[in-house]
Structure formats: C-alpha cells, structure tokens
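Student: The structure is given below, and queries will be raised subsequently.
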Amino acid sequence: MTNQDDQFKKVISHAKEYGYVFQSSEIYDGLSAVYDYAQNGAELKKNIREYWWKAMVQMNENIVGIDAAIFMHPTTWKASGHVDAFNDPLIDNKDSKKRYRADVLIEDYCAKIEAKIDKEVEKAAKRFGDTFDKEQFVATNQRVVEYQEKINSTLSRMAKSLENEDLADVKALIEALEIADPLTGSRNWTEVKQFNLMFGTKIGASAENSMDLYLRPETAQGIFVNFLNVQKTSRLKIPFGIAQTGKAFRNEIVARQFIFRMREFEQMEMQFFIKPGTQVEWYNYWKETRLKWHLSLGMGTENYRFHDHEKLAHYADAAADIEFKFPFGFKELEGIHSRTDFDLSQHEKYSGKKLQYFDPEENKSYVPYVLETSIGLDRMFLAVFSNSLKDETLEDGSTRTVLALPSVLAPIKAAILPLVKKDGLPEIARQIVEDLKWDFNVVYDEKDAVGRRYRRQDANGTPFCITVDHDTLNDHTVTIRYRDTMLQERVNIDALRDLIKQDVDMRTWLMKM
Ligand code: ATP
C-alpha cells in the first residue's frame, strides 16, 4: 500500500470516528457511493456552503441566489444535451466482473508515465544541483521526450475516438497499451459501451398519467430556465449572475473514492450572464476570483493548480478546472466554463419562448453569453477535511492528531471545560456556554483529564478550548488554549466573545480574498 492510500484511509476512518461522514444505510451494509453527513459533517458542510454563498451572493450586488426544484420538465434535459450526450464510456472486466470508465483507465495509464517523467526529473535535479534547468531537461532528454510523446499520442487518439464515437477504437487502444484490470491484472475486457449517467424516475399517481423524469444531474439548468423570471423581477442589468446550491445526481460508473465521486452530491454553481464578445475578459475574471476564494482559506497555494481544457464540451468556448491536491493526487475541484449562448438558445428552441435580454445601452435584444463557476460541495468538504488532518510529533516526542480546519469552517468553535467536576467550576463553565451559544456553536465537556479533552478537541477540529479552574473563582479569568499552536493564555471571561469572533468571523476571512 502506498503512502497516499494510507493517508486516504486515515481520512475516511477519521471522518467516521469523529462524526463527520458515515456510509449511507450502513446497517444494511451501505449503498455504494452514497454518504451521510453526521453531526460535525453537517456543520462543516453548512459552513462551507455559507462561505461560498456570502462570497458569491451577499458580497456581489449583481448576483442573486435561487433554490430551484430537483425535478424539472423532462424536455429540459433534451435541450441541455444530457439525454443524448451525458454519457461515459464503460468497460467491464470479464474475469473480475469489475466495471471501469474506459477513458479513466487510459488516463491512469498516462498518469503512470507522467510519474516516470517526474522521477527522471527528480534524479537529474539531484545530479545537476544548482545548474539544473528543468525546462531544458524535459525538452531534450531522450527518455523523457519519448515518454511525453507516448502520453500525447495516447491522449489525442483517445480524444479523437471519443469524439467520433468510435468505441471500438477505444477498446483497441486499451488492448494496444496492454492495460490490465488494476485490481486483478486481467486483460479480459468486454466491448466499450456508452452509459448515460442520469437517474430516471416517474412522476404521477397512476401508470397512464405518469411521466418520465430525471433527477437533475446538475443545478445549472434550474438557473437557465429561470433566467428571464429572475432578470425581470430583480431588474438586474447585464452583467449579472444567478447562483444556487443544491443536490445533483449522477449514476457514476466508478465510485470508489469516498465523497470525491458520489451518486448523490451537492453543487454550488453560479451562472454569470454577459454581453456576447466579453467572454474572454469575464472568463479570466472568474478564474482569478474563484482561485482567490480558495486561497483565502489558507490551505496552501501549492495545493492548487489550473488545468486548462484542450478538448472542450460541445457548449463551451473555453474551460478550466481548479485542481486540488487530494490524498490521491491533483484532481478537479471546481470548473470554470465559458458556455457561450448554448444553453439559453437551446431552451429558446425547445420551449418556443424568447429568452433574450434587452440591452438599453445597445438598444437591442440578444441572447446573453454565460460564464459558469461550478464547484462540488462534497469535493470541497473532502479538500478541506483531508488537507486539515495531520499527525504531529511534539517537542517532548509524543504525537497528536489534529484536524486543523480553517477556524471559520470548524463545526464547533469552542469547547468549555471545567478543570474538575466540583467546587462550582461546572456551573461557571455552563454559564460560559450559555453566554457564547448565541454567537457560536460551542460544547461543554467535563469527561476525562483535561489533557485528554484537549486532544479530543484537537482531533475534532475545535479551534479553542476554554478551561475553568480554581483561579476563575477569584479573578473571573479562564485559560484559553489554541488548537494549532497549543499555546495557552489567561483571559477575562468577558473578553471571550470578541476573541473568538475576531478569529472565526467570515468577514475576517473573506477580506483576505
Ligand atoms: P469529473 O470529471 O470529476 O467527473 P465533471 O467534469 O463531470 O467532473 P462537472 O460536470 O463540471 O464535473 O461538475 C462540476 C463540479 O461538480 C465538479 O468540479 C465537481 O466538484 C462536482 N462533481 C461532479 N460530479 C461529482 C460527483 N459524482 N460527486 C461529487 N462531486 C461531483
């Protein structure tokens, strides 16, 4: 098992042990790729959602938020292209009976070659020391050049076959590369088939009157179909945005990555309606703005990178992902897409209704262009959670597990601990809880020695521990202990509220954007 696998396993078991994420219907052995958020997880998720909503809606006078239904008229998905084209190519292994995404098998193959390139670079960097010129090395080293050519030719052949719907060639490529089932090593593959990711259901009480529906695979279409209603009732002028958060459903073929890829998940999307011709400017603006939002949480600049798409979806004229360094490597966390007028034009065509904006400056009507920012709330949760989980060795040689969540997102902001369960200390601690609970989510904890309680709160991600001891009886002060530094300070009880607020207030964090 690699270090990465180990780290990821730790993340999953910590999430369960500390009441963040449970497998859905666990008592029935769970449901694949479906998860429940537990008492702490629900709070963390809510805080992430709020952090996004504040940054996108509350802080922008030209962006408003809606909450559209999950069920939508089925023609929506004809118009959006999902009925015909929301497919992934799947392949089964006949021996292991495991199912894979054919494109992911090929991409993983390329990622392995890329790892070899990284190794060569690392070796050369050591050999050449300060004089090492990475760019030159990558461009001229025979072995690296061959590796890179192999990656390029493989990916471009795959892209071409997928675009031409030539699934036989995708299979031929898998065979030519001698790709084996990663779990068993078998190369006994079925043909590649297209698989539509939408979940179907029915609405209506009787068989005759029922209508086939889909569970929405993205929240974006709820925004497009409401574009004109919102524009008219809000009287917003272009450029303006509509945001929404909510559940989306995809029958993912491979779902083995905890909450990274789920069949029921939550998205936070914003569609920004603009004048045609201004899309490049807004595309760059939103790429930069969204990255700033991520960086404001202080989870390390080195953990983010952009991946600009070369192969574009049918609706897009530019697209990039913000990738995050998850325990299993850099993967997509958020997408920024320049969607042209594709969606609104399609809905015009299928509904027969005009979805145009009258531009008073230009004195004419047009179908606006759209820039989309789309982030998975669960993926963001995983990014925050996995990045925060650390095993630390302390100066005295002992170790501790700390969940160093950005304090603004932490489910519980402070734990109030009476040093002992007598002498009136619990009463004072309870009184502090009563005072603070109006502003923050706080807990009272009197079980075990105080050192153990500190460690428990560290592992739970609580940024502050407040201890009431015998001195408190005389001078109205308590010890406040900081999770990340483990430093302790003596402060007056009356100062607690401001001290905590200063640190956890969304305002403080969003100002860093
Ligand atoms: P991927 O390539 O990883 O399947 P995608 O490109 O299909 O993702 P989009 O359709 O652009 O994803 O969706 C926008 C965002 O929604 C993604 O960046 C991701 O954060 C989130 N998302 C998409 N699918 C899932 C899923 N199955 N589980 C959790 N989050 C998801």
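The values are calculated or read from the model by the stated rules, or taken from the named source; none is laboratory data. Not measured: the values here are computed from a predicted model. Ideal geometry is used to build each Cβ from the backbone, glycine not excepted, and the neighbour counts take in all protein chains shown. Please note that ligands, DNA and RNA were not included when accessible areas were found on the heavy atoms of the full protein model with its side chains. Shrake-Rupley method; radii C 1.70, N 1.55, O 1.52, S 1.80 Å.
Student: Over the residues of the range 15-106, compute the C-alpha Rg and express it relative to 2.2 N^0.38 Å.
Tutor: Against the empirical 2.2 N^0.38 Å value, I get 1.58 for the range 15-106.
Student: Rank these by accessible area, largest first, 1.4 Å probe: His73, His347.
Tutor: His73, His347
Student: On to the next question. If R₀ is 41 angstrom, what is the calculated FRET efficiency for the pair Lys421 and Leu499, using the beta carbon separation as r and rounding to 0.05?
Tutor: Between Lys421 and Leu499 the formula returns 0.95.
Student: Expressed in nm², what is the orientationally averaged projection area of the convex hull enclosing the Cα positions of the range 361-485?
Tutor: Numbers: hull surface 53.5 nm².
The orientation-averaged projected area of the Cα hull of the range 361-485 comes to 13.4 nm².
Student: In addition: Just to confirm my numbers, what's the Cα centroid distance between the range 203-255 and the range 340-387 in Å?
Tutor: 12
Student: Can you work out D for the range 412-510 in µm² s⁻¹ from Stokes-Einstein, where Rh is the Kirkwood radius over C-alpha pairs, the temperature is 37 °C and the viscosity is 0.692 mPa s?
Tutor: Calculated translational D: 245 µm²/s.
Student: Now, a different point. Ignoring everything but the protein chains, give the 1.4 Å probe accessible area of Trp189 in square angstrom, nearest 10.
Tutor: 10
Student: Relative to the present Cα-Cα distance, how much length would full extension add between Thr289 and Glu264 at 0.36 nm per residue of separation?
Tutor: 6.2 nm
Student: Taking the alpha-carbon centroid of each part, what is the distance from the range 108-124 to the range 31-62 in angstrom?
Tutor: Between the Cα centre of the range 108-124 and that of the range 31-62, the gap is 36 Å.
Student: When only DSSP loop residues count, what trypsin sites (Lys or Arg not before Pro) in the range 93-198 have their Cβ near at most 14 other Cβ atoms within 10 Å?
Tutor: Sites meeting the loop and neighbour criteria: Lys94, Lys97, Arg187.
Student: State in Å² the accessible area per residue of the chain; use a 1.4 Å probe, count heavy atoms of protein chains only, and round to the nearest integer.
Tutor: Values: 25950 Å² over 513 residues.
With the other protein chains kept in place, the chain gives 51 Å² per residue.
Student: Mind pulling the per residue volume of the convex hull built on the Cα atoms of the chain? Å³ is fine.
Tutor: Enclosed volume per residue, from the Cα hull, is 220 Å³.
Student: Quantify, in whole percent, the carbon and sulfur part of the accessible surface of the chain (1.4 Å probe; protein heavy atoms only).
Tutor: 49
Student: Once the Cα gyration tensor of the range 376-432 is diagonalised, what are the square roots of 5 times its eigenvalues, in whole Å and ordered largest first, as equivalent ellipsoid semi-axes?
Tutor: Values for the range 376-432, descending: 30, 20, 6 Å.
Student: So for the pair Ser351, Ala159, with labels modelled 7 Å out along Cα→Cβ, what separation do we get in nm?
Tutor: Taking the two extended label points, one gets 3.4 nm.
Student: Could you calculate the FRET efficiency of Asn188 with Asn62 from 1/(1 + (r/R0)^6), where r is the beta carbon distance between them and R0 is 45 Å, rounded to 0.05?
Tutor: So the FRET efficiency works out to roughly 0.20.
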